[in-house]
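Notes follow the structure.
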Amino acid sequence: EKPLANTVDEARRAAARAEELGLILQVSQNYRNYPAPRTVRNLLRENALGELAAINIDFRKWDNDAPRATHRHYMAIHHFDLLRMITGKEAASVYAKVADPSFSKYDDEASAAIIIEMEDGLVVSYRGSWLSRGPETAWAGEWSIQGEKGELFFTSRAGGEVEDASGDLVTLRPPGKRRP
């Protein structure tokens, strides 16, 4: 799923081998295919919020019980891809601060606070943790998109034994109102 490779050279070798075998090599960005992100993208295209002011994304999971050698999770790639998909914008700059408590069993940091400035100047706040003791989010996290006409809240990919869209939720909150 991700990352495609650990180095550019490894990615080039994998792409050449896939071509040699007549196979398709791709990174799966399957979060894009759920109803909530598609609905949010469409609402933003329809200008439901007017000018955007901020986007806040939270991702919380506890995944620290397995032995250290099994912790290979990466932070935020699906969320970053969703951000690009729903806004139709690319990131212009990224600042990330990572840190973990001493009890973390991860080789790399499993908690991050990230500020992303999009190409139009929109500032996005991302907080993610595989060590959170707070209420777990769905896999796509919890999104609050603020605009001049209100807020869009969404979450997606609740997970569980059967992966379906039952955990997808989009709520449009015009000032003084709440409409799912």
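The values are calculated or read from the model by the stated rules, or taken from the named source; none is laboratory data. None of the values given here were measured: they were computed from a predicted structure. These accessible areas exclude ligands, DNA and RNA; they are computed on the full protein's heavy atoms, side chains included. Shrake-Rupley method; radii C 1.70, N 1.55, O 1.52, S 1.80 Å.
Calculated mean residue ellipticity at 222 nm for the chain: -6000 deg cm²/dmol, from DSSP H runs with n ≥ 4 weighted as -39500 (n - 2.57), summed, divided by the residue count and rounded to 500. Residue-normalised convex hull volume from the C-alpha trace of the chain: 155 Å³ per residue. With respect to the chain, whose longest principal axis is taken over its alpha-carbon atoms, helix 77-87 is tilted by about 40°. By how many degrees, between 0 and 90 and to the nearest 10, does the Cα long axis of helix 8-21 differ from the longest principal axis of the chain? It works out to around 80 degrees. Excluding ligands, DNA and RNA, the accessible surface per residue across the chain is 59 Å² with a 1.4 Å probe.
Can you pull the percent of segment 31-127's accessible area that's carbon plus sulfur, 1.4 Å probe, other chains left in place? Percent of accessible area from carbon and sulfur atoms in segment 31-127: 49.
Would you mind calculating the relative contact order of the chain from Cα pairs under 8 angstrom and at least 6 residues apart, reporting the percent as a whole number? Relative CO of the chain lands at 25 percent.
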